[in-house]
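Here, each number is a calculation from the coordinates, and none is a lab measurement. Since the model is a prediction, treat every value here as computed from it, not as a measurement. Every residue, glycine as well, gets a Cβ built from its backbone with ideal geometry; the counts of neighbours run over all protein chains shown.
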Amino acid sequence: MHLTRRHALGALGALTLAGLAPDVARADGFAGVIGAAIDAAGGFRVGAIDGALGEAEGAPAPVRLHALCPRPDGREAVAVARRPGDLALVLDGRATRVRAVFRATEGRRFSGHGVYRDGGRLFLTTEIDAGTGEGVIVARDVAGGYAAASEFRSSGVGPHELVAAGRLIAVANGAKEPKSDPGVAALETTRTRSNLVMLDPGGGAVDRTAELDDDLASLSLRHLATTPDGGVLVAAQDTEAGVRDRPLVARLDGARLKWLDEDLAVTSRFAGYVGSLAVDRSGRFAAASSPKGGVVAAFDLADDAALGVVAIADVCGLAVDAEAGRFIATTGLGEVLRLAVHEGGVAVIERRSGPLRWDNHLASLPPA
C-alpha cells in the first residue's frame with residue numbers, strides 16, 4: 001500500500017489501548033483485530049479494532065511494520081517489519097507495549113511475515129538473503145527470547161508469507177520483486193519463477209511444490225490464507241506493469257494451482273495487485289483486496305466462482321469477522337469497514353473513519 005505522509009519515528013514504550021478492552025471479548029468469541037498503522041502525527045504504530053469497529057492506538061514502533069501474528073495463547077504477538085527490514089517487535093497480548101525486539105540473521109532481510117508453530121513454542125520467519133535472494137525459514141525459540149534455533153531452505157527465492165497448514169507449512173516464494181524502493185536488489189533481476197511450496201516444519205522436507213505456468217511467469221505469489229479443512233489459497237501480484245488479464249487468486253489443488261475467476265470477471269479490477277487474502281469463519285467465502293484497484297472481491301469456495309466486487313479506495317487490510325460471510329477491512333485513508341458476502345455478491349454494511357491510516361494486513365486476536 002502506498003503511504004505518502006511524512007513518517008515520524010515513534011519511541012518504543014507502553015501505551016494503554018484505551019476503550020478497546022471492555023468491548024473486545026464478546027459472547028461470539030470475537031476478540032478484536034490488530035494491524036500496523038500510521039497515526040495522526042505520522043508515527044508508525046500498532047492499531048486495534050473492536051467488534052463495533054471502534055479503533056484504538058497500540059504500541060508505537062520505530063519502523064514501518066507489515067504483518068502481525070498473535071501467539072495462539074493470546075499472551076504475545078509479533079510484528080515484523082516491512083521488507084527489506086531486519087527488525088521484529090515482540091508485543092504483549094493486546095499489542096499495547098513492546099516487550100522485546102529481535103533481528104533477522106546477519107546478511108538477510110525479513111519479508112514482513114511470520115507464524116507460530118508447536119502451540120506457540122516456536123516462531124517461524126521468512127528471511128531473504130540480501131545478496132542472492134534465496135529464501136530461508138528460521139525457527140525461533142519463543143521461551144529463549146526468539147533466538148534462532150534452526151533453519152531450512154524455503155525451496156525458492158524471495159519468500160514472502162508463510163502459514164500453518166495442518167502438519168505442514170505453506171510458503172509463498174515470491175521470487176520477483178514487485179517494488180524497487182527500497183526492495184531487495186537481488187529480487188529485481190532474478191529469473192527464478194515464483195512458487196507455492198508445502199514444507200515439513202521439522203526440517204524443511206518438501207511435501208509438494210506448485211509451479212507457475214509459462215504464461216503466468218510474471219506473477220509473484222505472495223499472500224496466503226487457509227480454510228478450516230486445511231486448504232490453502234494464494235494471491236499474486238503481477239510484476240509486468242499495466243497487465244490486467246492474468247488470474248491472481250488460486251487454490252492449491254494437489255501440486256497445482258487452480259485459479260479462481262479464470263474468465264477474469266472480477267480479477268481485471270485488481271489492477272494486477274492483490275494485497276491481502278482472507279477466508280470467512282464458515283470456510284465457504286474468500287475475500288481478496290487490492291489497494292491499487294481500490295476493490296475487495298469475493299469468491300465462493302464451494303464452486304470457486306467470483307461473486308462480485310465492492311469499490312473501496314486504498315483498501316488492503318482484511319480479517320475474519322465473528323459471523324460467517326463477514327469480513328473486516330481497513331484502508332490507508334483511515335476507514336474501517338464491515339463487509340457481508342453471500343451468494344449474491346459482496347457489500348459494505350458498516351463503516352467508520354478514524355485517525356489511524358491502516359497498512360497492508362490485519363490479524364485476529366485469539367479468543368480470551
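A compact table of results
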{"item": "Cα radius of gyration and Dmax for the range 267-368 (Å)", "result": "12.5, 40"}
{"item": "Residue-span extension gain [E262 to V243] - 0.36 nm each, minus C-alpha spacing", "result": "5.3 nm"}
{"item": "Rh by Kirkwood over Cα pairs, then Stokes-Einstein D for the range 217-332 at 0.890 mPa s and 25 °C, µm²/s", "result": "178"}
{"item": "Helix-only mean residue ellipticity at 222 nm for the chain, each DSSP H run of n ≥ 4 adding -39500 (n - 2.57), per residue, nearest 500", "result": "-500 deg cm²/dmol"}
{"item": "Peptides ranked, highest mean first, by Cβ atoms within 10 Å: ranges 256-269, 39-52", "result": "39-52, 256-269"}
{"item": "Modelled FRET efficiency - R0 35 Å, V206 with S353, Cβ distances, 0.05 increments", "result": "0.15"}
{"item": "All-pairs alpha carbon distance profile, the chain, 20 Å steps from 0, percent", "result": "33, 63, 5"}
{"item": "Total charge dipole magnitude, the range 54-121, about the Cα centre, Cβ charges on Lys, Arg, Asp, Glu only, Debye to nearest 20", "result": "200"}
{"item": "Point-charge dipole on Cβ atoms (K/R +1, D/E -1) for the range 21-364, about Cα centre, debye to 20", "result": "780"}
{"item": "Sequence-distant residues sharing a close amide H with D253 (under 5 Å, placed H)", "result": "K258"}
{"item": "Debye log10 I(q)/I(0) for the range 39-98, one point scatterer per Cα, at q = 0.22, 0.25 Å⁻¹", "result": "-0.89, -1.08"}
